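Colleague: Dropping a structure here in structure tokens format, bear with me for questions.
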Amino acid sequence: MAEEEKEELTEEQQIQLLQKKNNSLKMVVTVLSGLSFILLLGVGTLSYLLADSPSVEFATTTETEELKNTLAVQQANLEKLSAQLQLLEAQRISASGIPRDAAIESQRDFLRLVHIMQNSMRDESRMIKGARSWYEHYNQLLNTLRQKGKERLTQLGSTEPNMSEGSKSQTKDEDFGDSLF
């Protein structure tokens with residue numbers, strides 16, 4: 001019963017479910033960050049209160065310079081890590097909000113479908129007398145769709161799917177010598 005309900009979900013519903021999961025993960029991370037911050041403040045306050053005699057020691061000039069250097073190094077590391085985090089986040093989610101891997105797989109499926117349609121149309125046109133004109137017209141439209149799909153895959157950072165799985169290879173100039181034209 002649960003499998004039938006999962007199969008009946010539309011793409012929009014699947015996208016909404018993925019967005020809800022993403023939002024809930026963001027919420028969990030935010031809550032955990034807040035709790036960690038509060039815990040850190042509590043531990044710092046407790047350690048300060050439990051200290052026997054808080055005494056102020058002044059750092060020497062060399063210690064101050066060493067601390068400044070360490071701080072500069074840590075800030076540089078923090079900036080590098082922030083840039084890497086932003087890059088990873090951009091790679092994980094595409095601009096449409098759909099996870100990148102799902103968008104790539106969807107686009108590959110689309111290209112496979114167009115490829116199958118072209119092969120089927122070619123085979124059918126060889127069986128029907130006078131089908132060359134509609135074949136050329138619709139093949140041109142499908143080639144345009146394939147090109148747009150390849151461009152979208154390139155934008156997503158992927159390559160075209162392997163079309164050799166159980167299908168005939170297609171050439172640009174079809175050989176209609178054995179057709180009934």
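Readers should treat all values here as calculations from the given coordinates under stated rules, not as data from a laboratory. Quick caveat, the model's predicted, so the values are computed rather than measured.
Colleague: Quick one: 3J(HN,Hα) in Hz for region 22-37, Karplus 6.51/-1.76/1.60 with θ = phi - 60°, rounded, Gly and Pro as x.
Modeller: Each residue's phi maps through the Karplus curve to give 4, 5, 5, 5, 5, 5, 4, 5, 5, 5, 5, 5, x, 5, 5, 5 Hz.
Colleague: If you don't mind, there's one more thing I want to ask. Which whole-Hz couplings ³J(HN,Hα) result when phi for each residue of region 13-18 is put into the Karplus expression 6.51 cos²θ - 1.76 cosθ + 1.60, θ = phi - 60°, listed in order with x for Gly and Pro?
Modeller: Values, residue by residue: 5, 5, 4, 4, 4, 5 Hz.
Colleague: Now, a different point. ³J(HN,Hα) across region 148-160 via Karplus (A = 6.51, B = -1.76, C = 1.60, θ = phi - 60°), whole Hz, x for Gly/Pro?
Modeller: Ordered by residue, 3J(HN,Hα) equals 5, x, 5, 5, 5, 5, 5, 5, 7, x, 10, 10, 5 Hz.
Colleague: May I pose another question? How big is the equivalent ellipsoid of region 94-154 along its three axes, where each semi-axis is √(5λ) from the Cα gyration tensor, reported in whole Å from largest to smallest? Can you show the working numbers first?
Modeller: Details: eigenvalues 183, 23, 7 Å².
Equivalent-ellipsoid dimensions as semi-axes: 30, 11, 6 Å.
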